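Accompanying notes for the structure given below.
FYI, it's all coordinate maths here, none of it is from the lab. Since the structure is predicted, the reported quantities are computational estimates derived from the model, not experimental observations. Positions of Cβ are backbone-derived with ideal geometry, glycine not excepted, and every protein chain shown enters the neighbour counts.
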Amino acid sequence: MVVVGLPLSTKDRWIVDEKQFRVKLACVSWPSHLGTLVPEGLHKKPLDVLSKKITSLGFNCVRLTWPVAMVTNSSYFTLTVESSFKNLRLNQGFSGIKANNPQFLKLTVIQAFQTVVQNLGHNKVMVILDNHISMPGWCCSRTDGNGFFGDQYFDPQVWIQALTKMAIMFKSTKNVVGMSLRNELRGMKQNIPDWYRYMTEGAEAVHRANQNVLVILSGLEFDINLGFLNSHPVKLSFTGKLVFEVHQYSFSMGDAWIRGNPNDVCGSFQDGFWGNAGYLLQRGFPLFISEFGGDLRETNVGDNRYFPCMFGVLADLDLDWAWWSFQGSYYWRDNLQDPEEVYGVVDKNWNEIRNPKFMEKIYAIQIQHQGPSNHDKGPYQMMFHPLSGLCINATYLSDPIRLASCKDAEKWEYTPEKAIMVKYSQFCLQAVGLDMSPRLATDCNVKPNAKWEKISNSGMHISTTLENGVRVCLDADKNGLLITSACKCLGGDINCEPASQWFKIIKHHLYIN
């Protein structure tokens, strides 16, 4: 089963195993809440192949979605996978399951869901059960009747009944490590008093039914707003199991990423994220970015600008997260059979990685950098380049300095004197000239071109002044070579692309028992 010590719990802002070692959730969402009530992709590949694909991509966790009706509407209790597809006239999906997973056809949809969870466990993948919606279907709109307590399809008592049933159903399933109570609360009826009332009732119901799982609470406004907790913390009867979740996409800020200067928008994004959710880390709660993602064809300007900023935040805070999403296609969505999902990490045929280059960025944030510590052993810093998902790597014999995998990254120290030092050495990073590679030098505290400042509204430009007085910023060329060039897009210009010059100085410290 899962390699970490289960069940999980919380320690300050961290999720930890039974030995109090941190467990970083690096998840991918796998939908099972649409009309068929069957996890997507079983018409494309055998289940075990899909589970192994998830692990091969470095994910240790699946956020598996489900609708309330699956466990509360009696018409679904005996509905088989075969009948589900035939009722919807999904001949292509039915034929695919018959070819790739014939054992599923006679299973009920609930049994199919349980089988997927079990197989993920056999492949050492943790599962978070996410109540995505009430009625099966695509999510989400403000007017779909599933948005907030009291909406047409969202009866709070039926919802609590469903949460309880799911908590009991998987009580003995070790790899089910958490339950997200509800996805993207929204709509005209949303209000803070009802949030406290029903989310508290739901959390208590889950914990009574299954004390093994993390209880994960979402916010308002499509789960981008947890700011109201700043002045009024939620009160529960239990401790050590509470996690908060938040969602972030480029479109969470409307069209700001398209119409604004990327440095300014990134700064606004970071400020808003901290005010709406990030502050909970300082309050001692884990924060799970349970959905973020975008178009992996890299043709969307807003997504392309948003991603480096978001990856910088995720790496800097070393957050737990879930990518949306795994699937390359759906059985049925928007009245179409087999439509493609361009946010999915696998291609439409579920054969290949959709964008192998982009996966380097995802791999970079799968690495754990921080954890709970009574003492730090050998803390250091990493120079992370979120556009590429790589880090600045340097050895004394290598020239020039390049970007490389963060697993092999150089250990750095950003000193109070603003020098970027190679840890445990006398060498520091020093600019040489415009559009030239910086070098490692030893006269670190006397040269102005060895003092580096974080500038721009994004906070990710690392800048120094050359001996001739010209200001430059760290940059990476298309071959991954580190250079210093004229600082880009520091303000105003909405057509400028600064992300090659964005770097995050990331703290790295892991505790040792």
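Points to keep in mind about this one:
- Reachable aspartates and glutamates, given that their alpha-carbon falls under 16 Å from the alpha-carbon of residue 24 and they are not under 8 places away in the same chain: 12, 245, 291, 316, 318, 320
- DSSP-assigned coil residues among GluC sites (Glu not before Pro) in the range 392-463, each with at most 12 further Cβ atoms within 10 Å: 417
- Options (1) 108, 77, 31; (2) 77, 48, 43; (3) 68, 56, 42 - which one matches Cα extents along the principal axes in Å as calculated here: (2)
- Three principal axis extents of the range 123-165 based on alpha-carbon atoms, in descending order, are 39, 22, 13 Å.
- Expressed as a fraction of 2.2 N^0.38 Å, the value expected for a compact globular protein of N residues, the C-alpha radius of gyration of the range 112-210 is 1.13.
- Reach of residue 451 by Cα under 20 Å, taken over lysines that are not fewer than 8 positions away in the same chain: 411, 418, 423, 488, 504, 507
- The three principal axes of the Cα atoms in the range 380-508 give end-to-end lengths of 41, 34, 26 Å, sorted in falling order.
- Beta bridges assigned by DSSP with both partners in the chain are antiparallel in approximately 55 percent of cases.
- The peptide list 473-481, 37-45, put in order of mean Cβ contacts within 10 Å with the highest first, becomes 37-45, 473-481.
- Helix 156-169 vs. the chain, principal-axis angle (Cα, 0 to 90°, nearest 10): 80
- Around the Cα centre of the chain, unit charges on the Cβ atoms of Lys, Arg, Asp and Glu (plus for the first two, minus for the last two) sum to a dipole of about 1160 debye.
- Computed over the range 144-274, Kirkwood Rh from alpha-carbon pairs, angstrom: 16.1
- Packing-based ranking of 137-150, 177-190 yields 177-190, 137-150, ordered from highest to lowest mean Cβ neighbour count within 10 Å.
- Structural descriptor for the chain: relative contact order 14 percent, calculated from alpha carbon pairs under 8 angstrom and at least 6 residues apart.
- DSSP-assigned coil residues among GluC sites (Glu not before Pro) in the range 287-342, each with at most 14 further Cβ atoms within 10 Å: 298
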